[in-house]
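Novice: Here's a structure for you.
The values are calculated or read from the model by the stated rules, or taken from the named source; none is laboratory data. Only a predicted model underlies this, so the values are computations on that prediction, with no experimental measurement involved. With ideal geometry, Cβ positions are generated from the backbone for all residues, glycine too; neighbour counts draw on all protein chains shown.
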Amino acid sequence: MKRIKKIVLLLFTLLLWITPAFAKVPVTYDRNTLENYGVKKKWKVTSENQANVMRSHAVDSEEKIYDFAGVLTDDEYNSLKKQIEEFIQKTNMDLVILIESFPYYQDRENEDYAVDFYDYNDFGMFNDNYSGTLLFRNTYESNPYYDMYNFGVAQQYFDQSRMDITLDGIYDNLHAGNYYEGFSSFIKYLSNFYDAGMALDDYELDENGFLQKKYEYPFIVIFGAAFVITAIIMGILISKNKMVRKATQAENYLDQSSVQITNRQDIFLTTHTTSYTVSSSSGGSSGGGGGHSSRGSSGGGHTSGGGRHG
Amino acid sequence: MNEANTISEQALENKCPSCTASIKFNPTIGKFKCEYCGSEFTLEELKKYSNNAATDANNASNPQQQATIEQSIPADNYSNYISYKCESCGAEIVTDEQTAATFCVYCGNTAILKSKLSGQFTPNKIIPFAKDKASAVEAFKSLKKGRPLMPKDFCNEQNIEKIRGVYIPFWLYDIFVSGDVEMHGEIITHWSRGDTRYTKTDIYKVIRGGTMAYKGIPVDGSSRFDNNIMNSIEPFDYSAFLPYNHAYLSGFLAEKYDEEGDANFEEAKKRALNSTRNFMQADATMYTAKAIEKDTLLPQQTNREYAMLPVWMVNVKYKNKPYIFAMNGQTGKFIGNIPLDVTKTILFAIIIFIIVVIVGSIISYVSFHL
């Protein structure tokens, strides 16, 4: 009996030792069993995006870290979860880490997948604009990839340059597979940028969460133009009262028939050519394509950092 | 013949051949018209009748019919003045040496001192008045149209102190200009290839030379009238020029020139040179930018004529300040400087500014949200 107990204990220890990486497999639900396929946000499920909805995992939005690839240990998960909860507490913006492994041909496939995951689960539901950030890691062996996606107000906090700094900053850790360190510093980056204030405070969000340049009254332009136009009109009106002018020309008295132009010389002296290059507006970012603002299959807007391979 | 007689013979008063009342040139009909009996005469008809009348007068040998004009002996400060008596009302009319024709300021009777405009002072030609006094008054009153910044009651007829129809002496210069103009010319072309924009500048030395003639550039020969005012009532239609005759002066003032020579030619020359430069510059059409660097233009005076041009001078007094207006007696062009109503001007500027700001704000807001 003692022997059997010993073996069971040993097996249990062995099991504990073998399985820590797979400790926290995300709980998923069958969307067919859920009301409106599990979409509680305002996005409408239509024939166009239904495939996207059905493809995304329906998960418990409180978990925050969805390690479908099994790269984090229990302890790492718990520690990160704590950091994320602190971040959410502080910023009132959601933060999600999604790790998957699937083959892809275009970077866009990663983005579609990650954005659908955020849009069709209950992330950011505790604030008005579904605000939050999702870090997606595709551990697909032959071409690993990661990128971050901002929704709602997070788009205003984490602009392209801040995203570049963040994504470049965690590259080494993610590339080396040090996921805990990488994700942990990702959260720190976002937390610090949040403390630094809104980067795009001259923008506002429309009802679908797209960034719109805020209307700013062009005070100097309008008042400057008004000043010039007023001066011109007043000049014309005042000149109507001043009709006495010295005559400086005599073209009225020119005898047109007497005009003889006998000397016409056009002597070429020199030439010079100057050139300048018009810079295109999208600046490339290091290690990946330029970030951009896009529309998800839900119809909502988000920004992405320009993914990194590695 | 004593001196008084000489002058009295030279004084010309046009008499109506029908009723012998004094007769004046009427600008609106372009004829002499008697205000008493309504008869109208052309200058030729009048001449014919007046020859007969002169014979009659000699036959009657009635010296009281003649104007009795005495030139006072120059004394002290009055050396430049001539005084003579109006034969109708007996008033003494005082004119200075520059005034060659005048009318009695009291009764309006006309009398002309021939001595001032005959001989070397006789003008070559004259444009008679085509606009009368009433149209000058009308023109003054209609100044208020389209001029929101003038004081409201400025154009009241009561503000007109004096209106005088004056023949102003003008020198008409014919100027022949010859020479070259040298310009700096640039031909600028833009194009782009890909993201690169190119600007090519070809620089040329451009020369245009030749000759051209200006006919009758007018320069006013009277120092009593502002040259700029006389510039501003130009142009006159020279096709209406008639050979000079004293008879046109009746009823109007006339000035004898007191400015002559280099200074006047200088003004005409400047205008001819400016216009020639512009003409040459305009002839160089292929250049994007051009600037005159130097020229060898030489203006030569080929002819000079002395002409009388009709001008209505309108003296206005508003709030105890004098203003001078002038109307081209041929074309009716009315000029002068009108004072600004300061309150109105400021108010106008503020209103325009506010309107532009409002319109600009709406445009800015709407275009942003489109």
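Novice: Which of (1) surrounded by 19 or more Cβ atoms within 10 Å (Cβ to Cβ); (2) closer than 14 Å to B:TYR323 by Cα does B:ILE168 not meet, given it meets every other one?
Specialist: (2)
Novice: Continuing with this model, one more query. In the range B:227-244, which residues are crowded, with 16+ Cβ neighbours inside 10 Å and either within 13 Å of chain A (Cβ to nearest Cβ) or over 15 Å from the mean Cα position of the chain (by Cα) (or both)?
Specialist: Across the range B:227-244, the qualifying residues are B:ASN227, B:ILE229, B:MET230, B:ASN231, B:SER232, B:ILE233, B:GLU234, B:PHE236, B:TYR238, B:TYR244.
Novice: Here is a check on your reading of the model: is B:GLY209 part of a loop (DSSP other than H, G, I, E, B) and of a type in the set (Gly, Ala, Ser)?
Specialist: Values: part of a loop (DSSP other than H, G, I, E, B): no; of a type in the set (Gly, Ala, Ser): yes.
So B:GLY209 does not fit the description; no.
Novice: Within the range A:108-119, is there a residue that is touching a Ser or Thr at 6+ places or on another chain (Cβ under 7 Å) and either over 24 Å from A:THR46 (Cβ atoms) or free of Cβ contacts under 8 Å to residues at least 60 places away in the same chain (or both)?
Specialist: Among the residues of the range A:108-119, not one is touching a Ser or Thr at 6+ places or on another chain (Cβ under 7 Å) and either over 24 Å from A:THR46 (Cβ atoms) or free of Cβ contacts under 8 Å to residues at least 60 places away in the same chain (or both), which makes the answer no.
Novice: Test of understanding: among B:ASP202, B:ASP195, B:ASP180, which residue is farther than 20 Å from B:ASN315 by Cα, of a type in the set (Asp, Glu), touching a Gly at 6+ places or on another chain (Cβ under 7 Å) and within 9 Å of chain A (Cβ to nearest Cβ)? Outline the logic, then answer.
Specialist: Working: B:ASP202 fails: touching a Gly at 6+ places or on another chain (Cβ under 7 Å); B:ASP195 fails: touching a Gly at 6+ places or on another chain (Cβ under 7 Å).
Sole residue among the options that is farther than 20 Å from B:ASN315 by Cα, of a type in the set (Asp, Glu), touching a Gly at 6+ places or on another chain (Cβ under 7 Å) and within 9 Å of chain A (Cβ to nearest Cβ): B:ASP180.
Novice: Exactly one of these conditions fails for B:TYR214: (1) more than 9 Å from chain A (Cβ to nearest Cβ); (2) in a strand (DSSP E or B); (3) of a type outside the set (Val, Ile, Thr). Give me its number.
Specialist: (1)
Novice: Got a sec? Which of A:TYR118, A:TYR104, A:TYR77, A:TYR66 is aromatic (Phe, Trp, Tyr), part of a strand (DSSP E or B), closer than 24 Å to A:PRO144 by Cα and at pLDDT 90 or above?
Specialist: A:TYR66
Novice: Same structure again: Would you check which residues across the range B:265-321 are under 22 Å from the mean Cα position of the chain (by Cα), of a type in the set (D, E, K, R) and surrounded by fewer than 19 Cβ atoms within 10 Å (Cβ to Cβ) and list them?
Specialist: B:GLU266, B:LYS270, B:ARG304, B:GLU305, B:LYS317
Novice: Also, I was wondering about something else. Being more than 27 Å from B:ILE324 (Cα to Cα) and at the interface with another protein chain (Cβ under 7 Å from one of its Cβ atoms) is the filter; apply it to the range A:228-249 and report the residue that is surrounded by the fewest Cβ atoms within 10 Å (Cβ to Cβ).
Specialist: Taking the candidates together, the pick is A:ILE229.
Novice: Which is under 16 Å from B:ASP174 (Cα atoms) and in contact with a strand residue (DSSP E or B) (Cβ under 9 Å, 6 or more places away or on another chain), of B:ASN303, B:ASN274, B:ASN315?
Specialist: Numbers: B:ASN274 fails: in contact with a strand residue (DSSP E or B) (Cβ under 9 Å, 6 or more places away or on another chain); B:ASN315 fails: under 16 Å from B:ASP174 (Cα atoms).
After ruling out the rest, the residue left standing is B:ASN303.
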